[in-house]
C-alpha cells in the first residue's frame, strides 16, 4: 500500500497557476515513505526546486491541512525506490503548457509532483491510471483513484 499526501496549495503563486490551468482542487501531492518518516515530491515553490526528499514532519508543517490517501499497491518499497531514484531532477516548469503542446509527460528528465508518482507506480508494474493515450495529468487524477486513509 502506498500513501499519498495531497495539498490544496492556496496562497502561493505556483499553486495558483497550477490550479488555474488544471481546474482542480489539489495542486500538490507527495509520496510518503513506507516507514512514514519521509516524503518525496517535486516542487517549484520550495528550495531546492525539483525532486527532493523531506522529513515527513517538516513537509506536513509546510503543507498544513494536507489530506492522506492510500492505494493498495503490492510493492510500496519499489514505488518508493523508483521515486527516490529521481531525487535531484529539476522541476518541470513547462508542465502548464503540456496540455496545449501535448508533450510526453513520462520523460524522466524533469518532473512535477503527480507525474513523478504516477510514473513510479507504473514503472513498479502497478499503474494508478491508464495513461496510454493521455498527455496531461493533474493531482486530482491521483486523488480520484486513491481512498481516504483509515485511522487506527
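The values are calculated or read from the model by the stated rules, or taken from the named source; none is laboratory data. Please read all numbers here as calculations on a predicted model, not as lab measurements. Glycine also receives a Cβ, built like all others from the backbone with ideal geometry; neighbour counts cover every protein chain displayed.
Tabulated values for the structure
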{"item": "Residues of the stretch 78-105 satisfying the condition of being outside any loop (DSSP other than H, G, I, E, B) and at pLDDT below 95", "result": "91, 93, 94, 95, 96, 97, 98, 99, 100, 101"}
{"item": "Any chance residue 64 is within 23 Å of residue 149 (Cβ to Cβ) and modelled with pLDDT under 95", "result": "yes"}
{"item": "Sole exception among (1) under 15 Å from residue 27 (Cβ atoms); (2) modelled with pLDDT of 90 or more; (3) part of a loop (DSSP other than H, G, I, E, B) for residue 116, by number", "result": "(3)"}
{"item": "Strands (runs of 3 or more DSSP E) lying entirely in the stretch 1-76 (those with 2 or more residues that are closer than 15 Å to residue 115 by Cα and touching a residue at least 24 places away in the same chain (Cβ under 8 Å))", "result": "2-7, 28-32, 38-43, 50-55"}
{"item": "Meets criteria (touching a strand residue (DSSP E or B) at 6+ places or on another chain (Cβ under 9 Å) and surrounded by 19 or more Cβ atoms within 10 Å (Cβ to Cβ)) for residue 56", "result": "no"}
